[in-house]
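The values are calculated or read from the model by the stated rules, or taken from the named source; none is laboratory data. Nothing here was measured: the structure is a model prediction, and the numbers come from that model. Here the Cβ positions follow ideal geometry from the backbone for every residue, glycine too, while neighbour counts run over all protein chains shown. Keep in mind that these areas ignore ligands, DNA and RNA; they rest on the heavy atoms of the full protein, side chains included. Shrake-Rupley method; radii C 1.70, N 1.55, O 1.52, S 1.80 Å.
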Amino acid sequence: MANAFTGVDFYDMDSLLSEEERAVRDTVRAWVEEHLMPVIGEAYIEGEFPKQLIPGMAELGFFGANLPEEYGCAGLNNVAYGLIMQELERGDSGIRSFASVQGALVMYPIYAFGSEEQKKHWLPRLAAGTDIGCFGLTEPDYGSNPGGMITTARETKDGWLLNGAKMWITNGSQATVSIIWAKTGSVDDTKSIRGFIVPADTKGYTAKDQKGKLSLRASDTSEIVLQDCLVPRDAILPKSGGIKSPLMCLTQARYGIAWGGIGAAMACYDEALSYSRERVMFGKPIGQTQLQQSRLADMLTEITKAQLLTLQLGRLKDAGTMIPDQVSLAKRNNINMACEAAREARRLLGANGILAEYHSMRHMANLESVYTYEGTHDMHTLILGQAVTGLSAF
Amino acid sequence: MKVAVCIKRVPDMDLRFAIGSDGKALDPAGLKFDIADFDGYAVEAGLRLVEQAGAGEVVVVSVGPAAVQETLRKALGMGATRAIQLEAAAIPFDGMAVAAALAAELKDGGFDLVLFGRMATDSANQTVGPMTAHLMGVPCVTAISKLDVADGRGTAERQLEGAAETVTFPLPAVVTIDEGLGRPRLPSLKGIMAAKKKPLDVRPAQLGTASLTVDHIALPPDRPPGRIIGEGADAVPELIRLLQTEAKVL
């Protein structure tokens, strides 16, 4: 087997990281090597999220790590948070997705839009992994256009009555609590969108695995149905208001995904480089051929560019000056880059590249989902188009 | 229970490395540094001893330049209580120089146990622990794989070739740690943040006299290429002859 993963650092990126950021990265990297890599291939083939890893991830503080210590979180800066996502996705996009959803899409909205009681109740439990969360925004007919959602929340004397269906929900089946986004007004009133904390054991709430995935197989993806699902009045996130609220959550998640793409690309490059040195064809290592060197040079170049761009994005986020359009650029660039790197690595690996024993094809298949979720590549193209022209094409 | 753990900052020998132009040390370019492997086990052992005792402290100590503070903070991130850097321009190669500094620091510290890794993964001298014990005037047990402490005495197990040896000794004592006591825990993210706020004292190292100097280091020679001595049964006599006379395994 290959040596332990030591990262890809052609431009001495380490010198741009603080000691604490490197230490966080090293902890996650070591955890992935020791606990995730031995089980991920089989989990992927079996189509099972490796649940047994949750307590270890929680104990080390991987969930909501950039939220404050007073709520049981690690209180890291956003660069360190990004490095966690990078290293988790070096292992598998599904595992990174799990942590992204728990932190950026469940803990973040409770932190940003919740009451103090909600924060004190939910955040420590979610950080400790004793509760698992999911984020119910996307609907069967409303993916890139979440503002069109038809899930409703009606205020009654007993509380809020939720009705609707959500689809492509990461962690849906294993979640004990869900952040559900619904319209409290008419279906064309996007300003009436509010968030609700819905425990999974609420009557009228059901989650069902989506079967037949050829991507993110080690991740739980589910459909959620809300049928006269009654939650207390204080289940609403009081500071949520309009489509902007879930989009703010998505900005957090996409920020982590941008880092994650680097991790997946590094894993593929590392595997391809190692294989190219060892695999002998026509009497010499394939790494000594120009075609494979071209692949490796392209991968290294694109990874290095993404590293520098994403670190600066993190520094802007920590300075409080990052704008969502910049996150779109990074998510769009990095995931597309990772898709290309995974495909080229798989090709360099030849026939061996289709085996689960190697990682590039698993990453390649995973990244097709990542390319499509959290704002498709095309939507981010249009967001950037709008940002520079001032003209919306969607 | 008061435990000191002496740790060394070493280059990661799993990465590719080169010998520097002076031929006496590794080329620092591209090296990554970390706590020496067995020293990580020693930190883990110290943390477990104090956790089992329910009270006490784990003090991590390292000799060397400012860079060793990063290694000390890693141990603080794992859960050590406080750290001491014994400042020296470089980490001396001669174990006696290091042991003198450590003994001077630790001898009046009131420690029940002073732990070391059984050897540093770069120099592999295995000397600093025993030398420190000698200078402190306390017993020393080396390369232990199990350790229990009760009523002012320690009981340690050592793995020998084909046998296990159990020794008992009075505290305070110096013990050097092999792998058996439990894998070093990873610093948690909260631990990493907390480490920044824990005390890290810096004092000049009272280094002992160094008698040893590295003359030169060299990489092992490349393995000679394999060769084909023949095919089928006809090749067997020659193969046996070479295994007897050249490889000397028969």
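Considering the alpha-carbon set of the stretch B:12-169 alone, what are its Rg and its Dmax in angstrom?
For the stretch B:12-169, the Cα radius of gyration and maximum Cα-Cα distance read 16.4, 54 Å.
Please work out the Cα convex hull volume for the protein assembly as shown and give it in Å³ per residue.
206
Got a sec? What order do A:H377, A:H121 fall in by accessible area at 1.4 Å, biggest, i.e. largest, first?
A:H121, A:H377
Give me the net charge of B:P204's neighbourhood, meaning all other residues with Cβ under 11 Å from the Cβ of B:P204; Lys, Arg count +1, Asp, Glu -1.
Result for the neighbourhood of B:P204: -1.
For B:E238, tell me the accessible area in Å² from a 1.4 Å probe, rounded to the nearest 10.
Only protein atoms counted, so the area is about 70 Å².
Rounded to the nearest 5, what % of the DSSP beta bridges within chain B are antiparallel ones?
Of all bridge pairs located within chain B, approximately 40 percent are antiparallel.
What is the Rg over Rh value, at two decimals, for the stretch A:244-389, using alpha-carbon atoms and the Kirkwood definition of Rh?
Taking Rh as the inverse mean 1/r over Cα pairs, Rg/Rh reads 1.06.
HN-Hα J couplings of the stretch B:134-141 from phi, Karplus 6.51/-1.76/1.60, θ = phi - 60°, integer Hz, Gly and Pro as x?
Calculated HN-Hα couplings, in order: 4, 5, 7, x, 10, x, 9, 10 Hz.
Report the longest stretch of chain B that contains none of the trypsin sites (Lys or Arg not before Pro) sitting in a DSSP loop with at most 11 other Cβ atoms within 10 Å.
Maximal segment without exposed cleavage sites: B:17-196.
So what's the angle, to the nearest 10 degrees on a 0 to 90 scale, between helix B:236-245 and the longest Cα principal axis of chain B?
The two axes meet at around 50 degrees.
Quick one: order B:D14, B:D37, A:D131, B:D27 from most to least accessible surface, probe 1.4 Å.
B:D14, B:D37, B:D27, A:D131
Between beta-carbons, use under 12 Å as the cut-off and find the net charge around A:K211, counting Lys and Arg +1, Asp and Glu -1.
Neighbour charge sum, excluding A:K211 itself: 0.
Past the 24 Å Cα-Cα mark, which pairs from A:K119/A:K208; B:K146/B:K190; A:K157/A:K183; B:K8/B:K146; A:K119/B:K190; B:K146/B:K197?
A:K119/A:K208; B:K146/B:K190; B:K146/B:K197
For chain B, modelled as a GNM with alpha-carbon contacts under 10 angstrom, which of B:V98, B:V149, B:V167 fluctuates the most?
Most flexible of the set in this elastic network: B:V167.
Please report the spacing between the Cα centers of the stretch A:263-291 and the stretch A:117-180 in Å, no decimals.
Computed from Cα coordinates, the inter-centre distance equals 44 Å.
For chain A, what does -39500 (n - 2.57) per DSSP helix run (n ≥ 4), summed and divided by total residues, give at 222 nm, in deg cm²/dmol to the nearest 500?
-15500 deg cm²/dmol
Accessible surface of A:C229 in the full protein assembly, 1.4 angstrom probe, to the nearest 10 Å²?
Per-residue accessible area (A:C229): approximately 0 Å².
If the cut-off is a Cα-Cα distance under 12 Å, which aspartates and glutamates reach A:K120, setting aside same-chain residues fewer than 8 apart in sequence?
Leaving aside aspartates and glutamates fewer than 8 places away in the same chain, those within reach of A:K120 are A:E69, A:E70.
Rounding to the nearest 10 and keeping the result within 0 to 90°, find how far the Cα-based axis of helix A:290-319 lies from the longest principal axis of chain A.
Orientation of helix A:290-319: about 40 degrees from the principal axis.
Taking every DSSP beta bridge with both residues inside the protein assembly as shown, roughly what % is antiparallel (nearest 5)?
Of all bridge pairs located within the protein assembly as shown, approximately 60 percent are antiparallel.
Using only the Cα atoms of the stretch A:140-289, what semi-axes does the equivalent ellipsoid have when each is the square root of 5 times a gyration tensor eigenvalue? Give whole Å, largest first.
The equivalent ellipsoid of the stretch A:140-289 has semi-axes of 44, 17, 12 Å.
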